[in-house]
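Comments concern the structure below.
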Amino acid sequence: MNIDGKPFRTVWKDPTSDAVRIIDQRHLPFKFVIEDLRQVNDVATAIVDMHVRGAGCIGATAGYGIYLATLEATESRTPEKTLRDAADHLLATRPTAVNLRWAVDRQMTALQSLPPEQWAESSLQTATAIADEDAAACASIGQHGLRIIEELAAGKSDGEPVQILTHCNAGWLAFVDHGSATAPIYAAHDRGIPLHIWVDETRPRNQGARLTAWELGQHGVPHTLIVDNAGGHLMQRSQVDLVITGTDRTTHTGDVANKIGTYLKALAARDNDVPFYVALPSSTFDWNLSDGFAIPIEERSPDEISLMSGLVSPEADSETEVRLSPRDCPAANPAFDVTPRHLITGLITERGICQADESSIRALFPDPT
Ligand code: MRU
């Protein structure tokens, strides 16, 4: 996507050095910061502390992390062990998004039959392929999801916008480019279809308020920020035509784990006959899990609930952290929840739209990787 007219991805290899470059998303929307990652430890920290986040972006960054790990491993006296330890370190960073394991496993499988002197070149090729495929899959999700928006637009009077609600950030910042939930939105906007997006702020880390609102603003898509609890109210008043979210892991039977609060949106959508779609590239399917409730749910620091940062004045140059609750108040922070398949209208994938059930998913993906 373009920022001030210049195309960016969320993660890429610096052509002039060994470094991997990321947009450090912690600083958005107030500052646009690019960070260089030079060691696999830097990559692990960037994923744990959410300099990068979102399932696709985590997977692509981990793919580049293995490339950095091969540079370190081939310098060590025990290359195989050093590389395996690095892979395990990356795998332990965040448990819910399956794209992380998918990318690391893909890298390790490709490397296992090669001698260490070929690791760097091969792993850079694989990391680049993972990133390129992620961008292409999201572009394709956009074209498939566009059909849903076009159908809704056909039922509107002239100039009346299609109203779409989204949760968290399943935008291009959550992938390498385009996004999953936002890809159909960008495709429809680029076609000239009038849209209005309700952006859930997405407590506790406010990925909606900080990232989705910034992305949509950069692309000129009309949007309004709402608190997480407003969606049901808007649906009851026919102010939402469609919900589209992303997912961090989708079982091959159609259950979805996504940012905490997604389930409540799906319940409200069902109660109000609002279509609820989940957009995902196939790298987000877990082909081994049948039961969504078996998906590991990340528990993050209670501080993410109790503390919040922002600008104390419009002129402030840097963010200030404030406490929201009594100093000794316990807080619990499950970062994801599971939306069961029966609440999902359909899955928008790079190969088309299918129902959230095993046979429909298999029909689109008979050859899971
Ligand atoms: O904790 P985050 O910001 O990594 O969570 C991101 C989400 O929940 C997204 O909706 C999800 O990754 C799907 S889009 C890649």
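No lab work stands behind these numbers, since they all come straight from the coordinates. Predicted, not measured: the structure shown is a model, and the values here were computed from it. Positions of Cβ are backbone-derived with ideal geometry, glycine not excepted, and every protein chain shown enters the neighbour counts.
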- prompt: So how strong a dipole does the chain carry about its Cα centre when Lys and Arg Cβ are +1 and Asp and Glu Cβ are -1, to the nearest 20 debye?
  reply: 320
- prompt: Helix 55-75 sits at what angle to the longest principal axis of the chain, using alpha carbons and giving 0 to 90 degrees rounded to 10?
  reply: 10
- request: Could you list the square roots of 5 times each eigenvalue of the Cα gyration tensor of segment 84-156, that is, the equivalent ellipsoid semi-axes, sorted largest first and rounded to whole Å?
  value: 36, 15, 7
task: Compute the Cα gyration tensor for segment 124-244, then decide on rounded, prolate or oblate, letting a ≥ b ≥ c be the square roots of its eigenvalues: rounded whenever a/c is under 1.5, prolate when a/b is larger than b/c in the other cases, and oblate in all that remain.
output: oblate
- prompt: Relative to the longest principal Cα axis of the chain, at what angle does helix 119-154 sit, 0 to 90 degrees, rounded to 10?
  reply: 10
statement: Scoring segment 1-123 by relative contact order with C-alpha pairs under 8 Å, at least six apart, yields a percentage of 21
- request: Can you tell me the 0 to 90 degree angle between the C-alpha axis of helix 79-91 and the longest principal axis of the chain, rounded to 10?
  value: 20
- request: Find the relative contact order for segment 143-364 and round it to a whole percent, using C-alpha pairs within less than 8 Å whose residues are 6+ positions apart.
  value: 20
task: Classify segment 143-364 as rounded, prolate or oblate from the Cα gyration tensor: take a ≥ b ≥ c as the square roots of its eigenvalues, call it rounded if a/c is under 1.5, otherwise prolate when a/b beats b/c and oblate if not.
output: oblate
Proximal charge balance of Arg106 [Cβ under 14 Å; K/R count +1, D/E count -1]: -3
message: What percentages make up the Cα-Cα pair-distance distribution of segment 2-132 when the bins are 5 Å wide from 0?
response: 2, 12, 23, 25, 20, 11, 5, 2, 1, 0
- request: Name the residue farthest towards the positive end of the dipole of the chain from the options Thr93, Ser309, Ser157, assuming +1 on Cβ of Lys and Arg, -1 on Cβ of Asp and Glu, about the Cα centre.
  value: Ser157
